[in-house]
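The values are calculated or read from the model by the stated rules, or taken from the named source; none is laboratory data. Bear in mind the structure is a predicted one, so any value in this text is a computation, not a measurement. Here the Cβ positions follow ideal geometry from the backbone for every residue, glycine too, while neighbour counts run over all protein chains shown.
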Amino acid sequence: MKRESLLDYSTTTTFDLAVIGGGATGAGIAWDAASRGLATLLVERDDFGHGTSSRSTKLIHGGVRYLAQGRLGLVREALHERRWLLANAATYVHPLTFAIPLAGIGQTLKYRGGLALYDLLAGGSPLPRASLLSNAELVRELPGLRGGFTRAVRYTDAQFDDTRLLLGVLSRAATHGAVVLNYTAATGFLKRTPGQIRGIQVLDRETGRTHEIAARLVINAAGPDVDTVARLDQPAAPLQLTLSRGSHVVVARKFWPSDSALLMPDTPDGRVMFAIPWHDRVLLGTTDVPTSDSAVPRPSSAEVDFILDIAARYLAQAPRRADILSTFAGLRPLAHGDRGPATATTSREHRITIAESGLVSITGGKWTTFRCMAADCVDTALRHHGVAAPPSRTVNDTIPDRVNLYPPRFADPAAPDERLPTFDVALSIGATCQPQAVVRAVRGEMARHVEDVLARRTRMLFLDARAAMTAAPAVAAIIARELGHSNAWEARELKSFAAVAATFLPQP
Ligand SMILES: Cc1cc2nc3c(=O)[nH]c(=O)nc-3n(C[C@H](O)[C@H](O)[C@H](O)COP(=O)(O)OP(=O)(O)OC[C@H]3O[C@@H](n4cnc5c(N)ncnc54)[C@H](O)[C@@H]3O)c2cc1C
């Protein structure tokens with residue numbers, strides 16, 4: 001099966017609904033719409049999950065911090081979704097225990113009481129309820145914690161791999177018939193008089209060719225670029241977004257050897273910070289820095305220092321700059337709130353707007369709530385345009401563990417798992433990225449570039465940027481062999497991957 005034939009098909013059909021943006025929000029919408037029986041298209045400018053959706057803290061949670069802000073509706077909804085994801089996307093989401101070290105009776109009362117409410121809001125959750133750790137349990141279960149803490153409270157939330165879940169959701173959308181295309185940017189809108197949208201103009205970034213695709217409804221789910229896309233429709237469209245950068249640092253497991261994650265409750269900016277076991281490494285973060293630039297961000301030197309400083313207050317063995325294996329940042333595409341300019345208190349709830357042309361835009365939300373955001377967005381679009389369709393069905397659906405992004409009617413007789421080539425030892429890349437996985441990523445998961453494989457089909461770039469650089473030539477060779485690219489293509493790929501990988505190392 002070729003990506004090109006999906007694009008050819010798209011230019012000769014009329015879709016019921018087209019989604020712009022292949023992050024969590026767009027993927028959820030494509031899945032929701034396709035499972036209602038709507039002919040659905042999703043276009044992504046870069047690779048699926050290239051934006052914020054690969055750069056999250058990887059928690060499926062209600063948000064202990066939102067609880068402190070009194071946002072009980074948001075917390076309840078997210079905890080409900082946590083339960084759904086643990087049951088229906090079990091390959092990608094698993095329970096994770098968190099410990100909060102406590103200083104003094106005030107903090108103990110605050111967190112013990114808050115987490116009792118968290119459990120209450122979770123309804124009949126099967127996860128263990130929060131409890132206080134005795135001193136002996138604290139010493140035994142939190143071996144990486146710095147001395148001086150005598151109390152901690154333990155609670156359970158969930159962790160996931162963001163890009164693997166994203167591919168699972170897109171795969172489910174494709175099973176329901178959706179066409180999903182990466183490296184296909186929306187560059188304009190097709191209109192009928194008087195100014196109503198009847199489709200999108202796209203640029204195939206692989207060939208440089210522009211195409212027109214007809215669609216009855218168009219949804220703008222472009223994350224941090226929602227305003228840019230809205231202005232392709234109306235150059236003077238009001239700005240809908242507030243952006244905030246959140247950065248993470250990844251270090252070796254020895255710095256936090258516990259199986260539980262750590263929530264560090266005291267930070268100078270009033271946020272909490274996490275140390276989270278992730279794929280045999282530890283993820284530290286995150287920050288919250290207002291920004292107006294929607295380009296993919298990089299952690300600043302000051303943010304890296306901030307994260308390391310806080311870690312040093314809680315970890316027995318504090319990591320230093322030289323210990324950093326990888327560092328990455330994402331942009332929170334927050335809907336403009338009415339709570340003032342400070343992004344830490346701007347709403348995480350989503351917002352849906354509809355332009356005069358009929359373009360539906362969605363902003364805000366969280367990864368955790370992507371399923372109900374999608375249902376709400378598709379309902380709103382259908383209602384506004386007077387299109388009849390069944391109600392959302394995703395609550396009764398499951399996310400498959402094997403990914404195939406090609407709809408069944410385009411099925412390839414050589415399914416991704418069949419006729420896998422064998423490799424000689426020279427092409428063995430390491431435990432986290434086997435050669436066979438690269439082939440599957442190209443055949444079934446639409447990986448087109450070295451970065452797609454090393455950043456989002458596997459997580460090597462996020463886990464260890466230098467190791468990813470070492471693996472890059474072998475990955476490039478396999479992709480070239482699968483897609484029939486030349487040696488010159490491989491050389492160009494390696495150059496551009498080296499430039500990207502350098503941004504995953506700390507700035508001086
Ligand atoms: C640091 C950080 C940590 C977070 N941690 C968590 C967490 O632990 N748990 C949680 O629930 N939530 C978390 N979130 C929130 C969550 O990650 C976001 O809400 C979610 O990923 C946003 O997804 P999105 O699809 O709206 O945006 P994106 O993922 O940015 O997707 C938008 C996509 O649109 C594409 N696009 C842009 N323009 C065009 C165009 N013209 N044509 C085609 N495509 C286009 C972009 O390339 C991009 O891939 C975190 C956010 C940040 C920043």
Out of everything in the stretch 389-401 that is assigned to a loop (DSSP other than H, G, I, E, B) and at pLDDT 95 or above, what residue ends up being nearest to the ligand (Cβ to nearest atom)? 399
Could you list all residues from the stretch 182-199 that are under 17 Å from residue 235 (Cβ atoms) and near the ligand (Cβ under 10 Å from one of its atoms)? 186, 187, 188
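Per-residue answers, yes or no, for (1) in contact with a Leu (Cβ under 8 Å, 6 or more places away or on another chain); (2) farther than 22 Å from residue 69 by Cα:
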| site | (1), (2) |
| --- | --- |
| 253 | no, yes |
| 263 | no, no |
| 268 | no, no |
| 273 | yes, no |
| 289 | no, no |
| 293 | yes, yes |
| 297 | yes, yes |
| 302 | no, yes |
Residue count, the stretch 15-57 (criterion: within 10 Å of the chain's Cα centre (by Cα) and within 23 Å of residue 158 (Cβ to Cβ)): 12
From 233, 227, 269, 259, grab the single residue that is touching a strand residue (DSSP E or B) at 6+ places or on another chain (Cβ under 7 Å) and either surrounded by fewer than 19 Cβ atoms within 10 Å (Cβ to Cβ) or at positive phi (or both). 259
Name the single residue that is farthest from the ligand (Cβ to nearest atom) among those in the stretch 312-353 being β-branched (Val, Ile, Thr) and at pLDDT 95 or above. 324
Complete set of residues in the stretch 33-69 that are away from the ligand (no atom under 11 Å from the Cβ), closer than 24 Å to residue 444 by Cβ and of a type in the set (S, T, N, Q): 35, 40
Say whether the condition of being assigned to a strand (DSSP E or B), hydroxyl-bearing (Ser, Thr, Tyr) and at pLDDT below 95 is met by at least one residue in the stretch 281-302. yes
Which members of the stretch 354-377 meet the condition of being surrounded by 24 or more Cβ atoms within 10 Å (Cβ to Cβ) and either free of Cβ contacts under 8 Å to residues at least 40 places away in the same chain or away from the ligand (no atom under 15 Å from the Cβ) (or both)? 364
